[in-house]
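A.B. asks: Below you will find the structure I want to go over with you.
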Amino acid sequence: MKFNKHNSTLFISYLAIITSTIISQSVFGQIFSSDQNPLSVKWNYICSGGFKIIYPRELEKDAQRMANTLPFIYPKVGLSLRQQKTAIPILLQNQGTIANGFVQLGPKKSEFYATPPQNFDSQDWLNNLAVHELRHVAQFDKLTGTQAHPFPELVYFAYMGVGIPIWFFEGDAVVNETALTNSGRGRQPKWIMPYRTSLLEGEKFSYSKAYFGSNKDVTPGYYQTGFLMVANMKAKYGKFISDSLLGDIRKRPLRLYPFSQSLKKFTGKNTKNYFANTQENLIEKWKIQEGKISAENYESLNQKTSLATNYFLPVRLNKNQILALKESKQQARYFVIINEDKTEQKLFGIGYQEQPWFSYKNNLLVWDEIRYDPRYKQRSYSVICSYNFKTKKFNKLSSRSRLFSPSLSADGKKIIVAKVDLSNQFNLVEIDATSGKILKTYPNQENEILQTPSFDKTGNRIAYISVSEKGKSLWLLENGKKINIISGSRQQLNRPIFIGDKIVFNAHFSGIDNIYSINIKTKRINALSSAKYGAFNPTETEDGSITFNDYKINGYEIAEKSLIEKPVGPLTFVDFSSAAEKQENVGNVFEKIPDSSFQSKRFHQALNLLSFHSIIPVIDNEYVFGLELQSNNLLNTMDFYTGAKYHRDLKRFEYTADISYKALYPVFSLLYRNRPKRTFYRAKNISQQGDWRENYVKLNAALPLSFNARNHNYTFTLNAATSFTQRYLLENMPGNFIRELKFPMEYNFTFNHSVRTTERDIAPEWAQVLRATYNHQPFDKNLGGEIMALESFFYFPGLAKNHSFLASFNYQKASGVNQYATEISTVYGYNNILAKSKLQNTLLFNYRFPFAFPDWELGSLAYIRNFRAGLFSHYENIGINTDLSQPKTYGVELNSSLNILRYQPVVDVGARLVFVNKIYNQNPILEFSFNYSF
């Protein structure tokens, strides 16, 4: 959740966001979106069994289905938490192309992003979301009660984040989704493959490293860690262990590490010890599984590295070169050519993808990537891009499209893609590889979810995967006729391609993801690989072999093998959710869903602008604190905050109200303050104290626009603001004290360009930020003066990867009432140095670099991710009273990213030693910094 607030809220700063985000196979947590849909979206709603389903009109069919599904399955989803009824709004989102889902408080709601990813579970996508997200609803209800508005929601939410680790919320939900269905991520070997690989390779993780991640190694993540720990709890302590833990936490909330203490009460082990116990259990079971597998060892064709690195989707360009899509902890995703001697040639970076994907044929390379609407970020597109190796030219084949998984014909002249429209209708579409023109659309009357299509060598046959609640199926499309090859499987069928007269695809028949072939006529399945941990993404070579991804401890590597078929090996998968499945004993919770028709009504945005959910404490500083009532509506179109703060030093109250309306293209904000003020002045050579109150009103209009193209991001922001101040109840103020400040004008423009970053980057490898500010007093003759400020920031690559050099020149010109204002970036230590002249410009040089990634767990105190250092040399008023040979300040800085007390927010702590030019007779200045992010 994003708070664009005028003050910092200390209480909420400890909020560890509880998320249930599902993004393809790469599942990760995120801050809840505060983005908007375009005004063109028309909304309806259906009320059913405590659920208010709000949805775009195009999703009427899915909304009716969810209106039947959600009340029917909730009692079963919540049974082991003893939750049978609930009340919550559910928003179905259809404008985006990124699969997602979450539950939140403040306001209480859940959102289902209806467009499914191209590689996910073997069941209906919205059902997949429903069974997972409703478990989070049950968790929240267990902790807050079943009232529709557990006021104050953010207080509950903050306590959940502080008191209960996210891995438990997510692990409990994944165990539940697996136990109550025939699918679920707990049944997918690929999902827990990284953890299994690391443990069998002898790499044990600390509790903190498994939970919080690493800047150098592949780690399991808190979804996987949580699933395995909660599954272990249910196997040992029964169906209601989660209920016991949450119930105990609710009864005894005011404890340090309440979850760990409750866990120890019921299991005899705290979180760290329980994790260690679970990890030993995993090693034991996975070693037994390993002994049953006849794994082959494949030579790696890429460079060896000790850093987590992936080479996705390898394909041979010729006998000596392989093309792949590479990413690592050091570098964002880009295309690379690997030579026979394993040296690499970097081609170019690309934008965000739901899953790694590209297709190469006949010197043409195509891929899909996500593009966002410039203003309304709930709307995004999946566009098709191409690169011609002969002409060296890029081409964007589609705009504002929803096309996925492009695959070229052998001659490189046409592309087959999966298309989904705003009503969630799926079709396979052929497009021209030069113009992007749609050539043919294949019907899909059953409207199954369609995935990863591909052509055969003739371009006349298409293989693809379909998904429904019955499972995954493999299809052959020939001369307009659909031929079922594999039907209703719970296998993770993926990325079928043609090799000869057979279809080659990924599945996990043996309990490990491997590459298989199926004879189109006989339907006989054989194994083409027997990887120890997982083999994926095969492509055929000219000499009759396959190039593919072989998963190792540091990620997806490149391997090759001859096309030798072997019988499918025995099933060896270790099902950690089997105990929970037996305890629930419901089979598939989606069987026998009712099929009623519900009345839908129009959802009027104008009548639903307010949604008060919380009163929270706010602390501006050690002198100012109070309470605030908050409202954020369900569609993120209006925020309203009002409250009162006490000024301890002035012994007076301040009254506040803020409103922000975000539905229109510009964002309009109105701020009101009734506040006490104090000043000191000299009269007749005597220091005097004066007090007053003032009404302060500020109106701001902002136009935030952003664009992305391949790995480049662009942002334009234009702001205009004015205000009015009326001062009254003057006490001991001079006669000429100005009582009204009439409509000063403020203008701000910012341009930002940057390339994609990775988690080790301190700043983008290349970036430019330009900012212009102008403030003046056009409507008040008593107050003359203006200020114009120009700022520039240029980021360059450093001497090594992830190093960053910043050069910044900033200029301001101020006069009248603004002559002492500061609108530009200042030198480090500025506030601690007595000024010798009015600030006019600054020239700032910073060089920053990471130098260690220790992954240190210091007990329960802290988990240290990295150490970073920096050097700086800063100049002020160049050409006026200094020259470039004498910086005003210079020095060193040291920073570290860490998790404190095993809480989810990443805290950045730092210290800076500032040396001051000797003409100021100033001792070195020591400054400290403290920031946090989710």
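The values are calculated or read from the model by the stated rules, or taken from the named source; none is laboratory data. The shown structure was predicted, so the numbers you read here are calculated from the model rather than taken from an experiment. In this analysis, Cβ positions are derived from the backbone assuming ideal geometry, glycine residues included, and neighbour counts consider all displayed protein chains.
A.B. asks: Given the criterion at pLDDT below 95 and closer than 21 Å to R196 by Cβ, identify the matching residue among G544, G569. Step through it out loud before you land on a result.
C.D. replies: Numbers: G544 fails: closer than 21 Å to R196 by Cβ.
Exactly one of G544, G569 is at pLDDT below 95 and closer than 21 Å to R196 by Cβ, namely G569.
A.B. asks: If you don't mind, another one. Before we move on, is K204 surrounded by fewer than 20 Cβ atoms within 10 Å (Cβ to Cβ), among the basic types (K, R) and over 20 Å from the mean Cα position of the chain (by Cα)?
C.D. replies: When the stated conditions are applied, K204 passes them.
A.B. asks: Considering the stretch 626-664 alone, what residues qualify as being touching a Ser or Thr at 6+ places or on another chain (Cβ under 8 Å) and among the acidic types (D, E)?
C.D. replies: E628, D639, D658 - these are the residues of the stretch 626-664 that are touching a Ser or Thr at 6+ places or on another chain (Cβ under 8 Å) and among the acidic types (D, E).
A.B. asks: Just checking: which of the helices (runs of 4 or more DSSP H) contained wholly in the stretch 212-279 hold 3 or more residues that are under 23 Å from L858 (Cβ atoms)? Give the steps one after another, and end with the answer.
C.D. replies: Numbers: elements: 222-237, 241-251, 258-267.
Those helices (runs of 4 or more DSSP H) span 222-237, 258-267.
A.B. asks: Which residues, counting only those in the stretch 471-492, are within 18 Å of A507 (Cβ to Cβ) and surrounded by 17 or more Cβ atoms within 10 Å (Cβ to Cβ)? Lay out the reasoning, then the answer.
C.D. replies: Restricting attention to the stretch 471-492, the residues satisfying the condition of being within 18 Å of A507 (Cβ to Cβ) are 471-476, 484-492.
Of everything in the stretch 471-492, those that are within 18 Å of A507 (Cβ to Cβ) and surrounded by 17 or more Cβ atoms within 10 Å (Cβ to Cβ) turn out to be G471, K472, S473, L474, W475, L476, I485, I486, R490, Q491, Q492.
Residues checked against (1) within 23 Å of Y714 (Cβ to Cβ); (2) out of contact with any strand residue (DSSP E or B) (no Cβ under 7 Å at 6 or more places or on another chain):
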{"position": "W357", "(1), (2)": "no, no"}
{"position": "K390", "(1), (2)": "no, yes"}
{"position": "R402", "(1), (2)": "yes, no"}
{"position": "K437", "(1), (2)": "no, no"}
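A.B. asks: To continue, here is another question. Six or more apart or on different chains, Cβ under 9 Å: which pairs go from a residue in the stretch 140-153 that's more than 13 Å from Q84 (Cα to Cα) and in contact (Cβ under 8 Å) with a residue 24 or more places away in the chain to one that's in a helix (DSSP H, G or I) and acidic (D, E)? Could you list them?
C.D. replies: Listed pairs, sorted by first residue: T144/E153; P150/D141.
A.B. asks: Restricting the search to the stretch 605-636, which residues are in a loop (DSSP other than H, G, I, E, B) and under 30 Å from the mean Cα position of the chain (by Cα)? It would help to see each step written out before you state the result.
C.D. replies: From the stretch 605-636, those in a loop (DSSP other than H, G, I, E, B) are 608-611, 620-623, 633-636; that's our starting set.
Selection gives N608, L609, L610, S611, D620, N633, L634, L635, N636.
A.B. asks: So for the stretch 688-698 (the condition being assigned to a strand (DSSP E or B), among the charged types (D, E, K, R) and within 30 Å of H149 (Cα to Cα)), does at least one residue qualify? I'd like the intermediate steps shown before the answer.
C.D. replies: Just the residues of the stretch 688-698 that are assigned to a strand (DSSP E or B), to begin with: 688-698.
If we keep only those that are among the charged types (D, E, K, R) too, we end up with 691, 693-694, 698.
With the extra rule that they be within 30 Å of H149 (Cα to Cα), the set shrinks to none.
No; the residues of the stretch 688-698 include none that is assigned to a strand (DSSP E or B), among the charged types (D, E, K, R) and within 30 Å of H149 (Cα to Cα).
A.B. asks: May I pose another question? Can E694 be described as in contact with a Ser or Thr (Cβ under 7 Å, 6 or more places away or on another chain) and among the acidic types (D, E)?
C.D. replies: Working: in contact with a Ser or Thr (Cβ under 7 Å, 6 or more places away or on another chain): yes; among the acidic types (D, E): yes.
Criteria met by E694.
A.B. asks: Can you tell me which of (1) buried (at least 21 other Cβ atoms within 10 Å of the Cβ); (2) part of a strand (DSSP E or B) is the one L347 doesn't meet?
C.D. replies: (1)
A.B. asks: Oh, and also: Out of everything in the stretch 173-221 that is aromatic (F, W, Y) and in contact with a Pro (Cβ under 9 Å, 6 or more places away or on another chain), what residue ends up being farthest from L571 (Cα to Cα)? Write out each step before concluding.
C.D. replies: We begin by selecting, within the stretch 173-221, every residue aromatic (F, W, Y); these are 191, 195, 205, 207, 211-212.
Pick out the ones that are also in contact with a Pro (Cβ under 9 Å, 6 or more places away or on another chain) and you get 195, 205, 211.
Details: Y195: 20, F205: 28, Y211: 30 Å.
Among those residues, the one meeting the criterion is Y211.
A.B. asks: So how many residues does the stretch 286-309 have that are over 31 Å from the mean Cα position of the chain (by Cα) and part of a strand (DSSP E or B)?
C.D. replies: 0
A.B. asks: When you scan the stretch 350-400 for strands (runs of 3 or more DSSP E) that lie fully inside it, which ones turn up with 2 or more residues that are at negative phi, among the β-branched types (V, I, T) and assigned by TED's automatic domain parsing to the domain that holds D456?
C.D. replies: On the way: elements: 359-361, 364-372, 380-388, 393-396.
Result: 364-372, 380-388.
A.B. asks: So which residues in the stretch 903-929 are within 25 Å of the chain's Cα centre (by Cα) and either modelled with pLDDT under 90 or assigned by TED's automatic domain parsing to the domain that holds K272 (or both)?
C.D. replies: Y903, Q904, P905
Rundown of residues vs (1) closer than 30 Å to K204 by Cβ; (2) modelled with pLDDT of 95 or more, yes/no style:
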residue: A821; (1), (2): no, no
residue: Y830; (1), (2): no, no
residue: I833; (1), (2): no, no
residue: Y847; (1), (2): no, yes
residue: F851; (1), (2): yes, yes
residue: P854; (1), (2): yes, yes
residue: L861; (1), (2): yes, no
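A.B. asks: Check R379, R375 and return the single one that is crowded, with 21+ Cβ neighbours inside 10 Å and closer than 30 Å to L718 by Cα. I'd like the intermediate steps shown before the answer.
C.D. replies: Numbers: R375 fails: crowded, with 21+ Cβ neighbours inside 10 Å.
Among R379, R375, only R379 is crowded, with 21+ Cβ neighbours inside 10 Å and closer than 30 Å to L718 by Cα.
A.B. asks: I would also like to ask the following. Evaluate the stretch 169-178: report whether one residue or more is surrounded by 22 or more Cβ atoms within 10 Å (Cβ to Cβ), of a type outside the set (G, A, S), assigned by TED's automatic domain parsing to the domain that holds Q83 and closer than 20 Å to P905 by Cα. Before you say what the answer is, go through the steps one by one.
C.D. replies: Kept after step one, since they are surrounded by 22 or more Cβ atoms within 10 Å (Cβ to Cβ), are these residues of the stretch 169-178: 169-178.
Add one more test, that the residue is of a type outside the set (G, A, S), and what stays is 169-170, 172, 174-178.
Add one more test, that the residue is assigned by TED's automatic domain parsing to the domain that holds Q83, and what stays is 169-170, 172, 174-178.
Next cut, closer than 20 Å to P905 by Cα only: 169-170.
Yes, the stretch 169-178 contains a residue that is surrounded by 22 or more Cβ atoms within 10 Å (Cβ to Cβ), of a type outside the set (G, A, S), assigned by TED's automatic domain parsing to the domain that holds Q83 and closer than 20 Å to P905 by Cα.
A.B. asks: Tell me which residues, restricted to the stretch 637-671, are among the aliphatic types (A, V, I, L, M), crowded, with 18+ Cβ neighbours inside 10 Å and assigned to a strand (DSSP E or B). First the steps, then the outcome.
C.D. replies: First, pick out the residues of the stretch 637-671 that are among the aliphatic types (A, V, I, L, M): 638, 644, 650, 657, 659, 663-664, 667, 670-671.
Next, only the ones that are crowded, with 18+ Cβ neighbours inside 10 Å stay: 638, 663, 667, 671.
Listed by number, the residues that qualify are M638, V667, L671.
A.B. asks: Then there's this: Identify, please: which residue in the stretch 847-881 is surrounded by fewer than 18 Cβ atoms within 10 Å (Cβ to Cβ) and of a type in the set (V, I, T) and is, among those, farthest from G798 (Cα to Cα)?
C.D. replies: Checking each candidate, the answer is I880.
A.B. asks: Being assigned to a helix (DSSP H, G or I), modelled with pLDDT of 95 or more and either in the same structural domain as A158 (by TED's automatic domain parsing) or in contact with a strand residue (DSSP E or B) (Cβ under 9 Å, 6 or more places away or on another chain) (or both): is that true of F312 here?
C.D. replies: Numbers: assigned to a helix (DSSP H, G or I): no; modelled with pLDDT of 95 or more: yes; either in the same structural domain as A158 (by TED's automatic domain parsing) or in contact with a strand residue (DSSP E or B) (Cβ under 9 Å, 6 or more places away or on another chain) (or both): yes.
No; evaluated as a whole, the condition is false for this residue.
A.B. asks: Scan the stretch 610-622 and give yes if some residue there is closer than 30 Å to Q64 by Cα and touching a Lys or Arg at 6+ places or on another chain (Cβ under 6 Å), otherwise no. Reasoning before the result, please.
C.D. replies: Taking the stretch 610-622 as the starting set, the residues that turn out to be closer than 30 Å to Q64 by Cα are 610-613.
Still in the running and touching a Lys or Arg at 6+ places or on another chain (Cβ under 6 Å): none.
No, the stretch 610-622 contains no residue that is closer than 30 Å to Q64 by Cα and touching a Lys or Arg at 6+ places or on another chain (Cβ under 6 Å).
A.B. asks: Of everything in the stretch 256-272, what is without any contact (Cβ under 8 Å) to a residue 24 or more places away in the chain, at negative phi and not hydroxyl-bearing (S, T, Y)? Give them in sequence order. Before you say what the answer is, go through the steps one by one.
C.D. replies: Our first condition is that a residue be without any contact (Cβ under 8 Å) to a residue 24 or more places away in the chain; within the stretch 256-272, this holds for 256, 260-265, 268-270.
Checking which are at negative phi leaves us with 256, 260-265, 269-270.
Passing the criteria: L256, Q261, L263, K264, K265, K269, N270.
A.B. asks: Could you check the stretch 106-136 and list, in sequence order, the residues that are more than 20 Å from N636 (Cα to Cα) and either in contact with a Cys (Cβ under 9 Å, 6 or more places away or on another chain) or of a type in the set (A, V, I, L, M) (or both)?
C.D. replies: L126, L129, A130, V131, L134
A.B. asks: On to the next question. Give me the pairs: first residue in the stretch 275-288 and in contact (Cβ under 8 Å) with a residue 12 or more places away in the chain and under 20 Å from G221 (Cα atoms), second residue basic (K, R) and assigned to a helix (DSSP H, G or I), beta-carbon distance under 8 Å, and six or more apart or on different chains, which are they?
C.D. replies: As it stands, the answer is L282/R196; W286/R196, since those pairs meet every condition given.
A.B. asks: Follow-up question, since we're still on this one. Which residue is farthest from Q425 (Cα to Cα), if the candidates are limited to the stretch 94-106 and must be in contact with a Leu (Cβ under 6 Å, 6 or more places away or on another chain) and modelled with pLDDT of 95 or more?
C.D. replies: Initial filter on the stretch 94-106 (in contact with a Leu (Cβ under 6 Å, 6 or more places away or on another chain)): 94, 101, 106.
Restricting the remaining residues to those that are modelled with pLDDT of 95 or more gives 94, 101.
Working: N94: 11, G101: 20 Å.
Among those that are in contact with a Leu (Cβ under 6 Å, 6 or more places away or on another chain) and modelled with pLDDT of 95 or more, it is G101.
A.B. asks: Where residues in the stretch 85-121 are among the hydrophobic types (A, V, I, L, M, F, W, C) and in a loop (DSSP other than H, G, I, E, B), which of them is farthest from S614 (Cα to Cα)?
C.D. replies: Of the stretch 85-121, the ones among the hydrophobic types (A, V, I, L, M, F, W, C) are 87-88, 90-92, 98-99, 102-103, 105, 112, 114, 120.
Within this subset, residues satisfying the condition of being in a loop (DSSP other than H, G, I, E, B) are 87, 98-99, 105, 114, 120.
Numbers: A87: 17, I98: 30, A99: 29, L105: 10, A114: 29, F120: 36 Å.
Ranking the qualifying residues of the stretch 85-121, first place goes to F120.
A.B. asks: Then there's this: Need at least 2 residues that are more than 26 Å from P905 (Cβ to Cβ) and among the acidic types (D, E) per element, so show me which strands (runs of 3 or more DSSP E) inside the stretch 768-885 make the cut, counting only ones lying wholly within it. If you could, list the steps in order and put the result at the bottom.
C.D. replies: Values: elements: 786-797, 804-814, 841-852, 856-858, 862-876.
Qualifying strands (runs of 3 or more DSSP E): 786-797.
A.B. asks: So which residues in the stretch 812-841 are without any contact (Cβ under 8 Å) to a residue 60 or more places away in the chain and of a type in the set (D, E, K, R)?
C.D. replies: Of the stretch 812-841, the ones without any contact (Cβ under 8 Å) to a residue 60 or more places away in the chain are 812-826, 830-831, 835, 837-841.
Scanning the stretch 812-841 gives K813, E823, K838.
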